[in-house]
1. Distance check, please: which entries in Lys59/Lys167; Lys70/Lys167; Lys103/Lys167 exceed 19 angstrom between their Cα atoms?
2. Please turn the phi angles of segment 35-48 into ³J(HN,Hα) values with the Karplus equation 6.51 cos²θ - 1.76 cosθ + 1.60 (θ = phi - 60°), one per residue in order, whole Hz, x for glycine and proline.
3. Label-point separation (nm) for Glu65 and Ala10, each offset 7 Å from Cα along Cα-to-Cβ?
4. What order do you get for Met220, Met80 when you list them from fewest to most C-beta neighbours inside 10 Å?
5. Between Ser25 and Glu100, 0.36 nm times their residue separation minus their Cα-Cα distance comes to what?
6. How do the peptides 207-216, 192-201 rank, highest first, by the average count of neighbouring beta carbon atoms within 10 Å per residue?
7. What is the fewest-to-most order of Tyr277, Tyr148 by other Cβ atoms lying within 10 Å of their Cβ?
8. Could you compute the FRET efficiency for Leu234 and Gln151, with r as their C-beta to C-beta distance and R0 at 41 Å, rounded to 0.05?
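A short reminder: the numbers here are calculations on the coordinates, not readings from a lab. The model shown is predicted, which means the values in this text are computed figures rather than measured ones. Cβ: placed from backbone, ideal geometry, glycine included. Neighbour counts: every protein chain shown.
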Amino acid sequence: MATASSAVQAITPRRTLDDLVLPQSQARQIQEIASAFRAWPRVAERWGFARRSAYGGVKALFTGESGTGKTLSAEIVTGMLGLELLKVDLAQVISKWVGETEKNLEAAFRQAEESHAVLLFDEADAVFGKRGEVKQGTDRYANLEVGYLLQRLETSDGLVILTSNLKENIDPAFTRRFHFVVHFPRPAVPERRRLWSLAFPPEAPLAPDVDLDALARLDMTGAGIAAAARTAALRAADGDTGDGDGTVIAMRDVVRGVARQFQREARLLRPSELAEYAGMLREDG
């Protein structure tokens, strides 16, 4: 059985708004979440809204495919508030033993409230999904857990963020309890161009032939771009594996990094997508 300490990871935010690459509408919502949480104590106490509302604190739901920036945005919001982020590992929280899931979730809520931290339930579909028809005993207990979560979200005075890969997987009873629902789309060409530029640190020896505009035309998420850039750097730094002498990251290294990332995602990278750089897709060796 998981303990609260093993299921909750404390994260000190390092990323800032400068690292956030989103369309303007979503980026504005991320900043509004931090502003709303800063304003909540005044609105609740001085302006009396705490007596008129069943919901305390601020609740946000982030939806979108993996790698589109949901967890990163939670870290950035937390950093804007000068707080610590508690990321809940739902795989450990969910227990096969009846009643244990509620205890583990309660422990996570209490830990966040006592430390005045932001609570993040990452990839929450498994717990916050739609309540199903009761066909067996375990279904009844699963529905009880959902009911408990509804109640616990309402009573929490902190900032709680949930992420989901698919918005439609979230029970409508949950979505009504969120003050912010932000959808994270796959990045378009302008966002991808900036993501590629951010993927290589200023100290990285990027060769002049690295064509960020061509790379931005590839349909990749922010996480995919970061992983491809790291693979390219590792390849370039190893003179025996890369095509250079280990002193620069060349376009060929980046193309190989992209190819490896497409393989990891079980996607086909067509030579036509790389245009004039298609010849760099040849097999290693």
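1. Details: Lys59/Lys167 15 Å; Lys70/Lys167 13 Å; Lys103/Lys167 26 Å.
With Cα atoms farther than 19 Å apart: Lys103/Lys167.
2. Result, rounded to whole Hz: 5, 5, 5, 5, 7, 4, x, 5, 5, 6, 8, 5, 9, x.
3. Simple spin-label model gives 3.6 nm for this pair.
4. Details: Met220 24, Met80 18.
By the 10 Å Cβ count, ascending: Met80, Met220.
5. Details: separation 75, 0.36 × 75 = 27.00 nm, distance 3.96 nm.
Net length gain for the segment: 23.0 nm.
6. On the way: 207-216: 16.1, 192-201: 18.7.
So the order, starting with the most tightly packed, is 192-201, 207-216.
7. Details: Tyr277 18, Tyr148 14.
Ordered from fewest to most neighbouring Cβ atoms within 10 Å, Tyr277, Tyr148 come out as Tyr148, Tyr277.
8. On the way: r = 48 Å, r/R0 = 1.17.
Efficiency, from the Cβ-Cβ distance: 0.30.
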